[in-house]
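Encoded as structure tokens, the structure appears first; notes follow it.
Quick note: the coordinates plus some simple rules give every number you see, no bench work behind them. These figures come from a predicted structure and were not determined experimentally. Cβ: placed from backbone, ideal geometry, glycine included. Neighbour counts: every protein chain shown.
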């Protein structure tokens, strides 16, 4: 007997409905109409079942601080950094954990069962690092949190950053981060990329750099990151996040960079909600879009993942940690409206993100972790279009979140009908 069977599942790449049988936190069998029993059975009723969503880039130490000490009125990256600098001296250990735990509940409710969280280490006590290391362990049964040692004020620009980053890694932070475009000079930025990659290589850690989060086409630290990745033999273990300067570069140079990124097997992590909000703030019209070259990168064969980046913090005053909203924005801003393109936006918050984070046993094949989300949608494109309701969120074979089906009762033309904005309603006789 199995622990759980999810029946009548519509999978992304299968035309026939499948049953998924789970035991001891693992997927054991996937087949149509399984002749088996389980302690618990759930019917997906033909809805899409997907591996969990993944947030490839997030700032958990700052989340849910909106309005403290004031609101970012300009909406710029630099005012956000200044605001965060004002807030940091007043951070409280218990408050950091309270906000992080609440965000994790939001994440689980939205079916996000893995988050890569960048923690600012430019603070002498490493308060946020210590608080979030505890939260990471508390939440391990429910979702995976990777922590990135992130020198927000610059690895060389902030006097104590080198020592603090080393200490954060010694405490157990998972990933080496950086922000080369925030160093005092381009040369210092280049030097920081080299040093940080060498630290990661020596320790056997992954790398995730904030790279070129600017409208300046001359900011090209991703070139150095790709070079260092190859020099140190770290292919597949490195992410370049944001990469927004590429939206301002000429096509020739951007093409060269994309070839280098693909050759080095560096993953690109874009943050559509935040990139489109923060970039281009210095311009009148025409305004640049602010998102990196997602379509061209995918065509180049680069692994492109998406992050939420911020929720209710000094940089972004919106959000509920919904990765389908992120995919929805990425689709629109990137003009990814073709069928395969739209499906790739779903991949950017699922399978591509898992590859970027190097998550083990991710997916819906036998042997994978029994982690999945049942969406109130028939396919990935419909899920993005309506930002589909999460009917069930399952972690290691246990239901950790559920939401009743969402629909509206409409009373017009002397009658009553139910609408859920589904594709199946379009050809229904009820219209």
| query | How high is the relative contact order of the chain, in percent, counting Cα pairs under 8 Å that sit 6 or more residues apart? | reply | 18 percent
| Max mean-square fluctuation residue, GNM over the chain, Cα-Cα springs under 10 Å, options 391, 48, 171 | 171
| Against the longest alpha carbon principal axis of the chain, how many degrees, from 0 to 90 and to the nearest 10, is the axis of helix 251-263 turned? | 70 degrees
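So how much slack lies between residue 87 and residue 163, counting 0.36 nm per residue of separation and subtracting their Cα-Cα distance, in nm? Please report the intermediate quantities before stating the final value.
Working: separation 76, 0.36 × 76 = 27.36 nm, distance 2.21 nm.
Once the chain is fully extended between residue 87 and residue 163, it gains 25.1 nm.
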| request: Give me the angle, in degrees from 0 to 90, between the Cα long axis of helix 323-333 and the longest principal axis of the Cα atoms of the chain, rounded to the nearest 10. | output: 70 degrees
| For the chain, alpha-carbon Rg and Dmax in angstrom | 22.0, 72
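Tell me whether segment 20-134 comes out rounded, prolate or oblate; compute the Cα gyration tensor, take square roots of the eigenvalues as a ≥ b ≥ c, and use a/c under 1.5 as the rounded threshold. Don't jump to the answer; show the numbers that get you there.
Values: a/c = 3.60, a/b = 2.56, b/c = 1.41.
The shape class here is prolate.
Test of understanding: what is the full-extension gain from residue 256 to residue 101, defined as 0.36 nm times their sequence separation minus their Cα-Cα distance?
Details: separation 155, 0.36 × 155 = 55.80 nm, distance 4.24 nm.
Extra length available between residue 256 and residue 101 comes to 51.6 nm.
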| message | Using Cα springs under 10 Å in a Gaussian network model of the chain, which residue among 286, 366, 69 shows the largest mean-square fluctuation? | response | 286
| message | Taking the 0 to 90 degree range and rounding to the nearest ten, how far is the long axis of helix 186-203 tilted relative to the main principal axis of the chain, both from C-alpha atoms? | response | 60 degrees
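Calculated FRET efficiency, residue 39 and residue 424, Cβ-Cβ r, R0 30 Å, to nearest 0.05? List each step's numbers first, then the result.
Numbers: r = 32 Å, r/R0 = 1.05.
Efficiency, rounded to the nearest 0.05: 0.40.
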| query | Considering the chain as a Gaussian network with a 10 Å cut-off on Cα pairs, which listed residue, 283, 183, 262, attains the greatest mean-square fluctuation? | reply | 283
| query | Given the Cα-Cα distance of residue 227 and residue 198 and 0.36 nm per residue of separation, how much length would full extension add, in nm? | reply | 9.2 nm
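Going by C-beta contacts inside 10 Å, put 150, 392 in order with the fewest on the left.
Taking fewest neighbouring Cβ atoms as first place, the list is 392, 150.
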| request: Would you calculate, for the chain, the mean residue ellipticity at 222 nm contributed by helices, counting each DSSP H stretch of 4 or more residues as -39,500 (n - 2.57) and dividing by all residues, to the nearest 500? | output: -10000 deg cm²/dmol
